[in-house]
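We did not get these values from a lab; they are worked out from the coordinates using the rules stated. Since this is a predicted model, take the numbers as computed values, not measurements. Ideal geometry is used to build each Cβ from the backbone, glycine not excepted, and the neighbour counts take in all protein chains shown.
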Amino acid sequence: MKDSVYIENLFRKVAFNDDQQAFKELFFEFYPALCVYAERFTNSKETGKDLVQDTFLKIWKDRKCITITSSFRNFLITTVKNTCLDYLRKQSLQQSYAEKESRSSHLPDSPEEIYTLKELEDLINRALDKLPDNIRQAFEMSRFKEMTYNEIAEKMQISPKTVESYISKALVLLRIELKEYFPFLLLCYFFCVICVKDI
């Protein structure tokens, strides 16, 4: 797992060396979780994504003059939060803004609650470890290897109906374990893993 020292070193490469590869790595580490965070403010997945992208673009443009007093992770979370609140102000959503601002104290601001890509992977793996072996095997073949129920049934020597039952049980447990991150986790984690391999 990439620790805070590694993250800070990546940002130093960005700030002092204009290192685009380091910036790209930072982006893919934090983008999925920050999109979930921004969506809580805006109530819009697409708007949340746009605002997170805008935040990273601004960080790149201002990289030479950014002063970080705590950690890059805290700085990033605070910047995304402020970007979201600025968006709500500009949209003249006074009532909505007031509600969001009053709720903001209940949203996760601590670094421990905003996950990097590696941490998202660990969350999924820990949740999968709680599944019975046969259910986990069926789920992984379906979601990660893109095998059909019939292919899984043949491989495991069970009926397609049993495969369907296994997948349903896996999804129920994962939704409980991963809570509000569940739908975004499965989509973004596997998309981003492909992208990170190209870094």
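Key figures for this structure:
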| read-out | value |
| --- | --- |
| Per-residue Cβ neighbour rank within 10 angstrom, fewest leading, C65, C35 | C65, C35 |
| Two-decimal Rg/Rh across the range 1-93, once Rg and the Kirkwood Rh are taken from alpha-carbon atoms | 0.98 |
| Pairs beyond 21 Å (Cα-Cα), from K45/K145; K13/K61; K58/K81; K13/K81; K24/K145 | K45/K145; K13/K81; K24/K145 |
| By average C-beta atoms within 10 angstrom, highest first, the peptides 51-57, 36-42 | 36-42, 51-57 |
| Ordering of 145-154, 166-175 by packing [mean C-beta count within 10 Å, highest first] | 166-175, 145-154 |
| All Cα pairs of the range 12-53, percent lying beyond 17 Å | 40 |
